[in-house]
Each structure stands twice: as C-alpha cells, then as structure tokens.
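Values in this text are rule-based calculations from the coordinates and carry no lab data. The shown structure was predicted, so the numbers you read here are calculated from the model rather than taken from an experiment. Every residue, glycine as well, gets a Cβ built from its backbone with ideal geometry; the counts of neighbours run over all protein chains shown.
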Amino acid sequence: MSAKANTIESLVSREYKYGFVTEIETESVPPGLNEEIIRTISARKNEPEFMLEWRLNAYRHWASLERAQAEPKWANVHYPPIDYQSIVYYSAPKTKKDRPKSLDEVDPELLRTYEKLGIPLREQEILAGVAVDAVFDSVSVATTFKEKLAELGIIFCSFSEAVQEHPELVKKYLGSVVPYTDNFFAALNSAVFSDGSFVYVPKGVRCPMELSTYFRINAQNTGQFERTLIIADEGAYVSYLEGCTAPMRDENQLHAAVVELVALDNATIKYSTVQNWYPGDKEGRGGIYNFVTKRGKCLGKNSMISWTQVETGSAITWKYPSCILMGDNSVGEFYSVALTNNYQQADTGTKMIHIGKNTRSTIISKGISAGRGQNTYRGMVKITKSAEGARNYSQCDSLLLGDKCGAHTFPYLEVKNSTAQVEHEATTSKIGEDQIFYFRQRGLSTEDAVSMIVNGFCKQVFRELPMEFAVEAQKLLGVSLEGSVG
Amino acid sequence: MLEIRNLHANVDGNEILRGIDLKVNAGEVHAIMGPNGSGKSTLAHVLAGRDGYEVTAGEVIYEGKDLLAMPPEDRAREGVFLAFQYPVEIPGVSNMYFLRAALNAVRKHRGLDEIDAMDFLKMVREKMKLLDMDNTMMNRAVNEGFSGGEKKRNEIFQMAVLEPRLAILDETDSGLDIDALKIVAGGINALRSPDRAIILVTHYQRLLNYVVPDFVHVLSDGRIVKSGGKELALELEQKGYGWIEASAQPVRGVSS
C-alpha cells in the first residue's frame, strides 16, 4: 500500500532538550573517597562536630560494605562496575563570598541556566505560586519565598543552612527514617552529601504554596548526593515537588540521594517527583545512575504520606519511595509512572510497612516500556503483628510499546496479622496496531494516538500531581515518546 | 464521489480482491453482500488504508483525488469514515475526549476553528438522542466494557458527530438484536443525505429491510459478480449465495 503507516517503533525515539552544559567556574575536591575528603567537605561547609562524626561513621560503614560486596546486586538492572574512587564528591559554583546572600549575588550565568530549564527563581514569578530551592551540582543556590514562608514559621532552606541555623532539628531527625546503615547508597550519601533541602512546617500550619527543589548535575565526573529532610509537625500540611535534569555526557554519572519525611500526629506530606535526568543516547551511552533512597515515617496517629513520582529520565533508576506506618490510622500512598525507552532500565516501586492499627496503604504503579527499555516494579507490603485492621490495595499496570522492551513485576507480601486485608492486581497490555489504526481512521495522527493512550494509562497517577505539574508531566511523557512522526 | 477501478489487493501474499470496479455517487446507498471470505471486509479496510493490505493493481479516486496515496488519517480528515466490524477498546481515554479530538482534527484539516467545549457538548447531546445513547457512555473509556450492541451504536454515533462524506459500514448489523438493529438503522437513515454516500457491507439481508439501498452488489471470490437494485438482496435471501456463484458470469460493476 502506498500510504505506509508509521510504526510505533519509529515513534519512540527521543530528543533530550536539557542536555546543555553551563560554563561556570567551580570549586571541587579531588576525585576519590577517604576520610580526608569527608573532613574537607565538612570543613568547607563549616559544620558542627556532630555532623562530621555522623559523616565519618557513615563512611566507615560504607567502606566496610564496599570491601564486602560493594553495592547490592538484587535489582533487575545491569551495568558495569562503578569505580567509586574516580568520582568527584563535591563541586560548587565559585562565588565571591562563601554563599550568596540573595539572588543578586548569584552568578547570572547560573540564573540563565535555570531560566532555560523553566525554573522561576525570581520572586516576580509569584503567580506560579511555587517556592523553589535550586541545587546546582552540590550546593543549594537560592531559595525563593523564604521570607514569606518564615512569617508562618515555615523553615524552607538548603540543608547546609539548616545545619547552621537549626542544628537541634537536624540532629533530632537526620537519619531517623533512613539511618546510614540502611543500605550501601544511603551510607555513601550520608558520608558525602553536600546539600539538599530542609523543610519544617510547625504545628497546625498549612503550607500555602507548593515547595519545590530543582536539582541539576552540571560538572563532569561529578556525583550528586543531596539529602532532603521534611518534617511536618502536628496537624501540619505540606506539598513538595522535586524536578531533575542533567547535561548530555558520554559517561555515566552517579546520583545517590536520600529523602527522609517525618509526619507527626494528623500531619500530611505530599511528595511529588518529576525525574528527567539525562537518560543516555539511543545506543545506551551515558546517562545518570539514579540510585535513591526515599522513605517517609508516619510517626503520629492519623498522619499521611503520599508519594507521587513520574520517572522518565536516567539510564538506570533504582528507587523505592516507602512509608513506615507507625501511627494508628496513618495512611501511605504511592503513585508512580515510570517510563523506559531506548536502553533505559528502571527497577522501582515501594515498601509499605504497616505497624500501627487500622493503617491503610494504596499503591498505583504504571510502567511504560518502549524501545529496548526494561521496566521492573518491585514492591513490598508488610503487615506486622501489631497492625490490627490494616489494609492495602496494590495495582501494577504495564504498557508495552513495541516488542523489544520488557516489563517485570515482583510483589512481596508479608502478612502477620489475620485481620489485615491485602489486595493486589496486575495487568500487562500492549498498544496494538489495531488501536492506532482506530485513532487514525478517526483523523488523529499516530503520535496523538500514542500520547492519548499513554496519558489515559497514567491518568490515575497524574491526577495526584499538583495541577501545573500534571500538565508538565503530560508534556514530558509526550517529549519522551516523541520521534520522527510529522 | 468514489470510483474504484480494477482494484487488486493481497493479504499475507494471498490475492483477496481480484479486480473490483465500483462507482458510487453522492446521495447513494450501496450494499455490498457476499459469502464469508468473498473479500467484503478486505475492501472496506483497503479503502480506509489499514496496514497489511497490499494493493497490487488498480486505483481508487475519491473526490478527484488518489485515495490510496493518502495515509489513513488524511482519508478520515477528507471525509472517509469506517464503522468497524470489531471496534477496539481504548482504556483510559474517554469517549467524549476521543471524539472531540477526532472532530477537531477533521475541522483543523478543513481550516475551521476548534469547536469549544460548550458547543461540542450541545451537539453531542443532540446526536446521542438519535441513537438513544445513555449519557454515561460519553464518560466511559472508548468501547471499554461496552456490549457488542453498544459498540456498534457507538460507531454510528461517531459517524453522526464526524459527518463524513463517505461512510463505509462494515457488518454493522452483526451481533445486534432486533431492537438494537432498529435503533442503528434509524441512525443510519437519519444520516442519509444528498451529499453523503454510504456503503453497507453485510452478509445478511436483514439490515436492508430497514436501510433500503439504492444498489446491491454481490461479491464473490474477490470480484463483483452481480449488481442490481434492492430486490437483488431479497432474491439472495431466498436462493442463497450458491445460486449466484454457480450461475453468474463476472460483470463489470454498475454505473449509475
């Protein structure tokens, strides 16, 4: 037939539009990891003694793990061994003083970078209603809206600043959800983390705007190890979003972050991620290794932690945002869209640990595989003896585009209380040529068809995102699947 | 409006259409009948531009244009509509959203503005009455969980909204009970108009009691072997397809 159809295969090639490099002077430490490097990082950041101690303990633990077997090997991902001694663990844009005191002191080149990324740093962007903390390589560059939030008693600042200004809160909660002994990458992060975001919402305060962090890896051979800590005191509410991009480079870069959330009585934390790290090129060269530990603790009764993630970037994604449901009647949620295209690999899911009575959790996972992408859902639901009346509902759906990709599901269920109700549903479907033809026969292009089907598939997750980010996420999925179809 | 000349087409290397000639003018309703495997559905799919159907000879002129050179979406935008025999389910995409996107794609092609949400809703409500459709059907995913009858009704409903110039209905009557058949037929009759042509592909004469065709063609072994008026369908009903296959000489399609 002369009117030859475009196949799905040709659709799923993509362009990465955040792959530029910013020319900026940086101050780095030499590559490699030892106690000396850690002392240097801590000294540069002028940290109190307890932080240095904690970092050194984490380092020693990590070094013992490294000697034993290096990183864990159970994930369904494949990559050559990582040389941890070739990575630069600290890189910061050079500034005249130690830290910029206001936006005016931030290097204009850096501000232009964020503008290119569409991140509003200037307070004139008030309409957007988003307060942004931007992390460039290792340091936090600017936090907007700080004063307005301070009026309500909300602390939103870089982690470094929190260590200086609020050491009592840092000391109390750092490592309380993800101890440095938790896993290999958590130990590494605890030893070398250079910055990140810190949020504290006091009793009874509802944070009036979305808080947001934007991460960017710029320097070559640099790892990004940020640490985020969010505490919602009794009756508080906060919604938080993080976004991530990186330049295109041939070699792989390591990103090993830790996020800890603590919700006290009647508090709610919503944490949304739109992850678009550089995924590598079409042949699978380069891209970010995204090995992240994210966990929230519902410490108080009636508390709630909700994770929403849209993962479209990274060469390898390895993350399981989890909830420890300690308080009675506490609620954990996990909504995820993970897309793998070309040679991307994702092993992602969640853990819901039910400890308190009448705790409830919901897991909605949507995996999309295209090209030669491999997408794995791995999730654990654990109901402990004490979790009287606990309930869980899990739904894992996979969508395949083309026939060279893969979808895998590994649910782990551990139920130790007979009053618990646990439900698990899973489906795998494929966008069929007959579906595409149906759209085309109604006048819609192949590209519109794929985009409508994929967005329909992800609807349950997108509606959990704050409005403006839901729009962003839809666009991102569109770009990620965009190809040569005109 | 449509002229098919000496059309040959293969599926998986087997020749299914072996020289179809057919001329259809605006305002006419043509029924294409024939036994299973005679090539009826293949003809419908070739006209719509489905992958996997290889045209080996012949041509199809639609409104003065080479139809076979257009990708399927352009054929649709130019006003060619296929009501599917087996409409597929599209989970997660609401009927309303799908139909509006389709209508706007067609409108854009014709240089019209996108229809706004209120006007669309108003128009849709009217067309729904035509096919006795339930309001909830609009908010459900396209064809998902629809009964066989609901799917067929939904196809004709889409046709009513998209207002094609040439509608090809592939076995729209199959799987319908008598009440549903009457509703669907009523919808089709309401869409008959002097500037629209309809091709009904059907195995049975039953639908033709309700939608009376201007011409009836009998397809056998990839060729039109007999053409006539509506009475030909009745004759077929009595005598069966064997009568035609045994006696008829291949004829060149009728021109009207």
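Rounded to whole Å and sorted largest first, list the principal axis extents of the Cα atoms in segment B:116-246.
So the extents along the principal axes, rounded to whole Å, are 56, 32, 24.
I need the P(r) histogram for segment A:346-401: all alpha carbon pairs, bin width 5 Å from 0 out to the longest distance, whole percents.
Using 5 Å bins, I get a P(r) of 5, 18, 24, 16, 13, 10, 6, 5, 2, 0 for segment A:346-401.
Antiparallel versus total DSSP beta bridges in chain B: what percent is that, nearest 5?
Here the share of antiparallel DSSP bridges comes out near 60 percent.
Rg and Dmax of chain B, using alpha carbons, in Å: what are they?
When restricted to Cα atoms, chain B yields Rg and Dmax of 18.0, 58 Å.
Taking just the alpha carbons, could you work out the radius of gyration and Dmax for segment A:326-422, both in angstroms?
Spelled out, the Cα radius of gyration and Dmax of segment A:326-422 are 15.4, 46 Å.
Using θ = phi - 60° and the Karplus curve 6.51 cos²θ - 1.76 cosθ + 1.60, what whole-Hz ³J(HN,Hα) does each residue of segment B:158-163 get, with Gly and Pro shown as x?
Calculated HN-Hα couplings, in order: 4, 4, 4, 6, 7, 6 Hz.
Beta carbons within 10 angstrom, averaged per residue: use that to sort the peptides A:180-188, A:75-83, B:135-143, B:222-230, highest first.
Working: A:180-188: 21.7, A:75-83: 12.9, B:135-143: 16.4, B:222-230: 19.2.
Result, highest mean Cβ count within 10 Å first: A:180-188, B:222-230, B:135-143, A:75-83.
Determine ³J(HN,Hα), in whole Hz, for all residues of segment A:438-445 in sequence, where each value follows from phi through the Karplus function 6.51 cos²θ - 1.76 cosθ + 1.60 and θ = phi - 60°; x replaces Gly and Pro.
4, 4, 5, 5, 9, x, 9, 6
Just rank A:V88, A:V258, fewest to most, by other beta-carbon atoms within 10 angstrom.
A:V88, A:V258
In whole Hz and in residue order, list the ³J(HN,Hα) couplings for segment B:187-193 that follow from phi through the Karplus curve 6.51 cos²θ - 1.76 cosθ + 1.60, θ = phi - 60°; x for Gly and Pro.
My calculation for segment B:187-193 gives x, 5, 4, 5, 8, 5, 7 Hz in order.
Taking the Cα centre of each part, how many Å lie between segment A:68-89 and segment B:73-111?
Cα centres, segment A:68-89 to segment B:73-111: 49 Å.
Rounded, prolate or oblate, given the Cα gyration tensor of segment B:38-171, with a/c below 1.5 counting as rounded?
Details: a/c = 2.20, a/b = 1.41, b/c = 1.56.
Note, shape of segment B:38-171 comes out oblate.
Would you list the P(r) distribution for segment A:378-449, with all Cα-Cα distances sorted into 5 Å bins from 0 and each bin expressed as a whole %?
The calculated distribution, bin by bin, is 4, 13, 17, 12, 12, 10, 9, 8, 7, 5, 3, 0.
Where the centre of each part is set by its Cα atoms, how far does segment A:431-449 sit from segment A:332-383, in angstrom?
Centre-to-centre (Cα) distance: 29 Å.
Where the eigenvalues come from the Cα gyration tensor of segment A:297-340, what are the semi-axes √(5λ) of the equivalent ellipsoid, largest first, in whole Å?
Computed over segment A:297-340, the values are 27, 9, 5 Å.
Would you work out if segment B:68-142 is rounded, prolate or oblate? Take a ≥ b ≥ c from the square roots of the eigenvalues of the alpha-carbon gyration tensor; rounded if a/c is under 1.5, else prolate when a/b is larger than b/c, oblate otherwise.
It is oblate, given that a/c is not under 1.5 and a/b is not larger than b/c.
Tell me whether segment B:105-171 comes out rounded, prolate or oblate; compute the Cα gyration tensor, take square roots of the eigenvalues as a ≥ b ≥ c, and use a/c under 1.5 as the rounded threshold.
Details: a/c = 2.00, a/b = 1.33, b/c = 1.50.
Oblate.
Just to confirm a number: summing +1 for Lys and Arg and -1 for Asp and Glu over residues other than A:S239 whose beta-carbon lies under 9 angstrom from that of A:S239, what do you get? Don't skip to the answer; put the middle values down first.
Numbers: positive: A:K270; negative: A:E210.
Surrounding charge for A:S239 is 0.
Check cross-link reach from B:K239 to the lysines: straight Cα distance under 16 Å, and skip same-chain residues fewer than eight apart.
B:K226, B:K230
Mind counting lysine pairs for me in segment A:280-402? Cα separation below 18 Å, and the two need to be 8 or more apart along the chain or on different chains.
17
Restricting things to Cα coordinates, could you compute the convex hull volume per residue of segment B:21-97 in Å³?
Working: hull volume 11.3 nm³, N = 77.
It comes to 146 Å³ per residue, whole-number rounded.
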